[in-house]
């Protein structure tokens, strides 16, 4: 075979190999990574939709369901969103391009992927084709109190990913064709020096196949060889740029998914802030993350700080910020900016809910770097999701806290008691209940007035709560009755805790209105699992009986259930 022919075949083989490696290995891998990123995002979003819609679905609040679906349908990449009832029928649906519901109401929707099983207990997904579009279909149960009230359904558009991968394929095909044309020109070269540069080209091509995209070829000699080297380097540069863009998008999706996941793991305000600030600090390489926001009852400004891997929080009163009341502040995000004092390289984002400013978020970059524009956009997007999470945490706090004492309410306590009962039964561990009543509390209301009674109830609740462990739970059970749950405590340990609370109540007088301070006492009844029962109602009844016995025996006493 003539050298000219051999050279042509070798050149054609090398260039075709480059294109095939890119088309068959690299691009499918990028496409799979993008699809997985979209899948993780969709699972997080449909999970969030399910949590938002669970309680409205339980009570039949279709307007709230429609609002949640419409809000989500406006997000980028969302093709449709819908809520199904327990029979698999569509209750609410986002609108199609024509303004009509995407799915017909009051009937089961099309389910080509077969994921709409009303009995599912976790998020499921599948890539499928709906209404002529390639989508990733997701379904999540609307679970409240361990019972499913239907399904949340979400469709994310896969066509942008497919189009992006297709565009890269076309570019690679065109670049490959250009390479083949240049290779045809090189066929005319018969000098021995031609094969050595081509060997270097083949090695560079193999490096591309191994994803070492910084490899470039520098060839000297004939014009054709230099043109080939230029075309190869342009192809590698273009490929590297496209991969960089794809990786940046993938990083943004991963960061958003991690933050959304952390936002959905808890609704407790303190735990939420600690987790989110830690993730933001890691994702954006921020040295310091600080957030200032009004608390659930708008009585104080909370300041959460994550700096140099250390977390701390503080509560600021209106006086600390120079106000008599927070309602007197015209612009709380400006107040937060002043308190946080951002530097020239810092990023400050004002926070607000429904157009009302409630604080601000400050991010300080690591030493020697600045935030890129993509990171700034990501931070602003995160702040929007953070506001939703803060509002959910605020509503949750309002729902479980007693407005007078700040203790959790009876409904929350009963739910926690059942959870503790299940845990204790599973792991064979004891726990105790304390039923507390303020002795002669009616006399305070009758002689000093109800405002004075409220003042005393707040003070005694705070004093007793400060005597407990962080794992113990104190709630207002009704009127002047308080109840305490003591995990991992047997009856004798519970009795000692009750005695400590009784002594703490009587230790110092309480201010009650304008008159002289009053010395008040409490009576306490104690019951324990499993000695006094293995059901919540029975344990509460036994503690109440013990409390009645303490009252009948002269008050200011602790009694164990008999």
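Since every read-out is calculated from the coordinates, none of them should be taken as a lab result. Since the model is a prediction, treat every value here as computed from it, not as a measurement. Glycine also receives a Cβ, built like all others from the backbone with ideal geometry; neighbour counts cover every protein chain displayed.
Just a few scattered comments:
- Descending by average beta-carbon neighbour count within 10 Å, the peptides 380-390, 483-493, 152-162 line up as 152-162, 483-493, 380-390, the highest first.
- Where Rh is the Kirkwood radius over Cα pairs, Rg/Rh for segment 266-400: 0.95
- Between segment 515-541 and segment 109-166, the Cα center-to-center distance that results, in Å: 49 Å
- Scattering curve values for segment 490-559, log₁₀ I(q)/I(0), Debye with Cα scatterers, q = 0.15 Å⁻¹: -0.55
- Principal-axis tilt of helix 159-186 within the chain, Cα atoms, nearest 10 degrees: 20 degrees
- With all projection directions averaged, the alpha carbon convex hull of segment 369-496 covers 12.7 nm².
- Scaling the Cα radius of gyration of segment 416-487 by the globular reference 2.2 N^0.38 Å produces a ratio of 1.35.
- Angle between the chain longest axis and helix 195-209 axis [Cα atoms, degrees, rounded to 10]: 20 degrees
- For the chain, the longest principal axis of the Cα atoms and the long axis of helix 223-265 meet at an angle of about 10 degrees.
- Evaluated at q = 0.07, 0.11 Å⁻¹, a Debye calculation over the C-alpha positions of the chain (equal weights, vacuum) places log10 I(q)/I(0) at -0.63, -1.14.
- Centroid-to-centroid separation of segment 435-514 and segment 45-104 [C-alpha atoms, Å]: 45 Å
- Overall form of segment 410-560 per C-alpha gyration tensor (a/c, 1.5; a/b vs b/c): prolate
- Ranked packing of 99-106, 355-362, 410-417, 76-83, most packed first, by mean Cβ within 10 Å: 76-83, 355-362, 410-417, 99-106
- If you sort the three axes of the alpha carbon gyration tensor as a ≥ b ≥ c, you get a/c of 1.5 or more for segment 38-173 and a/b above b/c, which makes it prolate.
- 125, 345 arranged by Cβ crowding within 10 Å, fewest neighbours leading: 345, 125
- Annotation: the residues 339, 435, sorted from fewest to most other C-beta atoms within 10 Å of their own C-beta, follow the order 339, 435.
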